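S.K.: Okay, here's the structure, questions in a sec.
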Amino acid sequence: MRFPAFLMLACMALAPRAMGQQALPDLGSAGDAALTPQTERRLGEQIMREIRFREPTFIDDPEVTEYLEGLGARLQAGTGSRQQFEFFALREPTVNAFALPGGFIAVHTGLIALADTESELASVLGHEMGHVMQRHIARQLGLQQQMQIPVMAALAAAILLGRARPDLAAGAVAGVQAGAVQTQLSYSRDFEREADRVGLQSLEAGGFDPSAMAAFFEKLQKSSRVSDDGTMPGYLRTHPITFERIADAQNKAAGMPYKQHVDSPEFQLVRAKLRAEDGDPRDAVTHFDNLVREGRYASESAARYGLASALLRAKRPREADAEMARVRAAGGKSPMIETLAARIKHARGEDAQALALLTAARKQYPDSRSVLYAYVVQLQEIGRNEDALANLADPLRRYPHDASLRALQAKCYAALGKRLLQHQAQAELYVLQGSLPAAIEQLQLARNAGDGDFYQLSQVDARLKELRAQYAMESRDAKR
């Protein structure tokens, strides 16, 4: 992975301050006591803000995120863990996945493409979740409590860089006590065994095939042996897979009840979507056209979905529309199919049909936020912003930390000319994105908008006072 330059710069820029305050303790000691779960979460949130807004490979796709979040929720359900997890994808061809502090887990598209079954993908997610639940990241960093979040973010970034792109790690960690951090670029054998154990338990509890973990480990080893350039998948560099680990995973899985897991439709659809959106759209059309004509697919509806998606991307909506009829004929049923069908109708100028499809999808898939987003966007496209706002009200109460919902709300208010409410919604979006100065500026604009009543202005003043106090406190903490 081409790792974000800002994290490498952060490591080097913040290093003198870190070294001036305190030498790093022995990494791998009792990090649990030094780095609280709350601090670890704040550390992960800071890194995630940078990834979301500065990392070009970050995939801001609600359907991909929704799928990964659902898969993670199934894995967590049977563990009894109350850890908060967030999953995201990076458009990288390399086979890799890694965990950030606080429960943020990244998956490269190359890994999703390599997994032949949903259980194989789940085995990697379960393993990474195991590292988080066992607090291996905190135990690796071994930071002392008086270190500030920016310094810890630099140290965590150096370790993260080593996991994502080992060949760049040396330069990044040079500014942050290279020797100490370099030794922690890979998890220890004990940590890997613990994560394997937790991952296997998660697989079994989630109804997946536990034998998939060992199978995927073997696939990774095989891919490294047959690689033309002799390079090793990044996942193997930072999660060394030994024959002992494979045998241990096989033995543990053999002692668990056999479960034949049927892949969800979304597993194949997400894989198809990621491939259809990668590279030149004409190449994607050719790829899926060949798959369909030759019958080389695990799911016909997913292969045809990929072809329809690639055709739409190639600005051939009429052919994409015809292919969607074949997707349905092949038995395809998923919120992802409905949203793609609606996008195709919109591209053909058939907005009434697009809205009808999404209205039906909202009833069929009431819990799908990706369908909700598409429905609200379609309402905005045809100028029904009041209806769009009405459909956002309840979801915003249920999911107050959903930045996409807040962005849609701000756009509705802007279209309706409600300036105070627009700036107020934009301020809350900036809060969610971690930019308090921008949020404060938006609230100041809301105060001066001139179209608010007494109650609305009182709300703005109260929130402005709250955010100014929060920003002052964070600024003081950063200077200590």
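The values are calculated or read from the model by the stated rules, or taken from the named source; none is laboratory data. No experiment lies behind these values; they were computed from the predicted model shown. As a convention, Cβ positions derive from the backbone with ideal geometry for all residues, glycine included, and neighbour counts pool all protein chains shown.
S.K.: On the given criteria, is Pro366 surrounded by fewer than 19 Cβ atoms within 10 Å (Cβ to Cβ), part of a helix (DSSP H, G or I) and modelled with pLDDT of 95 or more?
M.R.: Judged against the criteria, Pro366 is not a match.
S.K.: To continue, here is another question. May I ask you to list pairs of residues, at least six apart or on different chains, whose Cβ atoms are under 9 Å apart, with the first in segment 316-331 being more than 23 Å from Ser264 (Cα to Cα) and the second being polar (S, T, N, Q) and crowded, with 16+ Cβ neighbours inside 10 Å?
M.R.: Ala320/Ser309
S.K.: Could I ask something else about it? Only one residue in Gln442, Gln409, Gln456 is part of a helix (DSSP H, G or I), within 25 Å of Tyr375 (Cβ to Cβ) and out of contact with any Pro (no Cβ under 8 Å at 6 or more places or on another chain). Which one?
M.R.: Being part of a helix (DSSP H, G or I), within 25 Å of Tyr375 (Cβ to Cβ) and out of contact with any Pro (no Cβ under 8 Å at 6 or more places or on another chain) holds for just one of Gln442, Gln409, Gln456, which is Gln409.
S.K.: Which residues, taken from segment 459-480, are closer than 21 Å to Ala414 by Cα and loosely packed, with under 14 Cβ neighbours inside 10 Å?
M.R.: Scanning segment 459-480 gives a single hit, Asp461.
S.K.: Taking Glu63, is it crowded, with 21+ Cβ neighbours inside 10 Å and among the charged types (D, E, K, R)?
M.R.: Considered against the rule, which asks whether it is crowded, with 21+ Cβ neighbours inside 10 Å and among the charged types (D, E, K, R), Glu63 comes out as yes.
S.K.: Here are Asp387, Asp367, Asp402: which of them is closer than 25 Å to Leu68 by Cα and free of Cβ contacts under 8 Å to residues at least 24 places away in the same chain?
M.R.: After applying the criteria, what remains is Asp367.
S.K.: If I filter segment 342-356 down to residues being within 27 Å of the chain's Cα centre (by Cα) and crowded, with 24+ Cβ neighbours inside 10 Å, which single residue comes out as nearest to Glu63 (Cα to Cα)?
M.R.: Of everything passing the filter in segment 342-356, Ala342 is nearest to Glu63 (Cα to Cα).
Residues checked against (1) surrounded by fewer than 16 Cβ atoms within 10 Å (Cβ to Cβ); (2) among the aliphatic types (A, V, I, L, M); (3) part of a loop (DSSP other than H, G, I, E, B):
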{"residue": "Ala325", "(1), (2), (3)": "yes, yes, no"}
{"residue": "Gly332", "(1), (2), (3)": "no, no, yes"}
{"residue": "Ala361", "(1), (2), (3)": "no, yes, no"}
{"residue": "Ser370", "(1), (2), (3)": "no, no, no"}
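Rundown of residues vs (1) at pLDDT 95 or above; (2) more than 23 Å from Phe191 (Cβ to Cβ); (3) surrounded by fewer than 22 Cβ atoms within 10 Å (Cβ to Cβ), yes/no style:
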site: Arg82; (1), (2), (3): no, no, yes
site: Glu92; (1), (2), (3): no, yes, yes
site: Ala99; (1), (2), (3): no, no, no
site: Gly103; (1), (2), (3): no, no, no
